[in-house]
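The values are calculated or read from the model by the stated rules, or taken from the named source; none is laboratory data. Only a predicted model underlies this, so the values are computations on that prediction, with no experimental measurement involved. Neighbour counts are summed over all protein chains in view; Cβ atoms, including those assigned to glycine, are modelled from backbone coordinates with ideal geometry. Surface accessibility is based on the protein's heavy atoms, side chains included, excluding ligands, DNA and RNA. Shrake-Rupley method; radii C 1.70, N 1.55, O 1.52, S 1.80 Å.
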Amino acid sequence: MMHGHFITFEGGDGCGKSTQVGMLEQRLKLAGKTTVLTREPGGTQRAETIRSLLLDGKARDMGKFAETLLFSLAREDHIEKLIAPALAKGDWVICDRFIDSTRAYQGAGGGIDPDLINALERVVVGPYRPEITIILDVSPEEGMERARLRMKELGEEVPDRFESEEIAFHHRLREGFLDIARNEPGRCVVVDGMQPVGEIHQLIWEHVCQRVGA
Ligand code: TMP
């Protein structure tokens with residue numbers, strides 16, 4: 001049984017999700033809601049271990065099919081141990097990336113058969129589909145530049161597994177996210193990530209209030 005609310009944020013690398021995820025959480029807390037802020041891949045100990053394998057590129061040699069399974073494996077643990085119990089308690093779960101990242105990165109970007117991705121979703125996600133998905137849209141060029149600046153700030157020397165993909169990949173995944181939004185307008189909203197941070201937050205907040213009456 002799900003009594004809580006499940007909101008996910010999606011978009012290409014450097015789209016500004018992480019900032020917006022944090023701002024929405026603060027706003028919900030101010031409104032007196034109990035929140036759980038989490039991310040994918042990750043959110044539980046096992047899923048964070050899988051995250052390291054995926055993002056530092058160790059799993060890359062196993063191929064895209066194996067990577068897709070690893071994202072699903074991490075998701076299964078995350079849902080079972082964190083998302084499902086929080087929703088059952090009535091919490092607001094805000095997740096930085098979820099199923100649409102698999103559809104866009106492994107599917108649209110990586111060429112994995114959508115039927116396989118749908119089958120994995122059916123088995124792994126079941127009823128735990130997000131109620132609202134915010135897709136932050138920026139051009140791949142802008143996203144890559146922001147990701148590069150963030151790396152510099154954090155003192156990281158190499159981009160992660162997916163940031164290091166060629167620009168054509170990032171164009172495919174942007175289209176992938178926009179297609180998802182077109183196909184599921186009841187769940188997804190696309191927000192222009194080039195606007196000032198505060199304005200993006202306000203649009204997201206208004207959308208959430210409208211959809212679930214925060
Ligand atoms: P991020 O949390 O810093 O955005 O990094 C996660 C990376 O993993 C990002 O490049 C997108 C990628 N990813 C996938 O390729 N498939 C997935 O299902 C998920 C959740 C993330």
Which residues, taken from the stretch 63-83, are under 21 Å from I7 (Cα atoms), out of contact with any Pro (no Cβ under 9 Å at 6 or more places or on another chain) and open to solvent by less than 20 Å² (accessible area, probe 1.4 Å)? S72, D77, I79, I83
Please state which of the following conditions G90 fails to meet, knowing it meets all the rest: (1) touching a strand residue (DSSP E or B) at 6+ places or on another chain (Cβ under 7 Å); (2) of a type outside the set (A, V, I, L, M, F, W, C); (3) open to solvent by 10 Å² or more (accessible area, probe 1.4 Å). (1)
When you scan the stretch 116-123, do you find a residue that is outside any helix (DSSP H, G or I), at pLDDT 95 or above and of a type in the set (A, V, I, L, M, F, W, C), even just one? no
Considering only the stretch 82-96, I want to know if a residue exists there that is part of a helix (DSSP H, G or I), within 11 Å of the ligand (Cβ to nearest atom) and under 13 Å from the mean Cα position of the chain (by Cα). no
Residues of the stretch 165-193 being within 18 Å of the chain's Cα centre (by Cα) and open to solvent by 50 Å² or more (accessible area, probe 1.4 Å), which ones? H171, R172, R174, E175, D179, R182, N183, E184, P185, G186, V190, D192
Positions within the stretch 97-115 being surrounded by 15 or more Cβ atoms within 10 Å (Cβ to Cβ) and over 12 Å from the mean Cα position of the chain (by Cα), in sequence order: Q106, G107, A108, G109, G110, I112
Going through the stretch 26-45 in order, the residues found to be within 16 Å of the ligand (Cβ to nearest atom), closer than 14 Å to I7 by Cα and crowded, with 19+ Cβ neighbours inside 10 Å are T38, R39, E40
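Yes/no matrix, rows are residues, columns are (1) among the β-branched types (V, I, T); (2) touching a strand residue (DSSP E or B) at 6+ places or on another chain (Cβ under 9 Å); (3) under 22 Å from P185 (Cβ atoms):
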| site | (1), (2), (3) |
| --- | --- |
| R97 | no, yes, yes |
| G107 | no, no, yes |
| G111 | no, no, no |
| R122 | no, no, yes |
| V125 | yes, no, yes |
| Y128 | no, yes, yes |
| I132 | yes, yes, yes |
